[in-house]
Amino acid sequence: MAHPILETARLYLRPFEASDLQAYQAILAQPALATWLGKREGFSPAQSKALLNRHLSHCQQYGYGPMAVCWKTSRQLVGHCGLKYRPEYQAVELL
């Protein structure tokens, strides 16, 4: 199934790819950002890889999921945003 690319004036959202790992690790390693993701410190490389793999498998399983957020001008990955199904609540969460 092809996933859409969503656009704003400055950003585009696209499905994550395995090749995003290095850039995603650099983002998640920042302690200030990690606090918004429920952690007290930055993600380790292994934790970043596990999170990216969860995003990828979620998209495969449900047909949607967290997407890579990139600057339009540079194509640089700057974060994630999207929908995630939470089976424990039988609800969809906006990330």
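Taken over region 65-95, the criterion of being assigned to a strand (DSSP E or B), closer than 15 Å to Ala23 by Cβ and open to solvent by 70 Å² or more (accessible area, probe 1.4 Å) is satisfied by Trp71 alone.
Residues considered: Ala32, Ala26. Of these, the only one that is more than 15 Å from the chain's Cα centre (by Cα) and in a helix (DSSP H, G or I) is Ala32. Go through region 17-51 and count every residue that is open to solvent by 70 Å² or more (accessible area, probe 1.4 Å) and polar (S, T, N, Q). Count: 5.
Tell me the residue from Arg14, Arg54 that is of a type in the set (Lys, Arg) and either open to solvent by 70 Å² or more (accessible area, probe 1.4 Å) or part of a loop (DSSP other than H, G, I, E, B) (or both), please.
The conditions single out Arg54.
Taking residues in region 7-19 that are touching a residue at least 40 places away in the same chain (Cβ under 8 Å) and among the hydrophobic types (A, V, I, L, M, F, W, C), and partners anywhere that are assigned to a strand (DSSP E or B) and surrounded by 15 or more Cβ atoms within 10 Å (Cβ to Cβ), the pairs with Cβ atoms closer than 6 Å and at least 6 places apart or on different chains are Leu11/Val69; Leu13/Met67; Leu13/Val69; Phe16/Ala68.
The values are calculated or read from the model by the stated rules, or taken from the named source; none is laboratory data. Not measured: the values here are computed from a predicted model. Please note: Cβ atoms are built from the backbone with ideal geometry, for glycine as well, and neighbour counts cover all protein chains shown. With ligands, DNA and RNA removed, areas are computed over all heavy atoms of the protein, side chains included. Shrake-Rupley method; radii C 1.70, N 1.55, O 1.52, S 1.80 Å.
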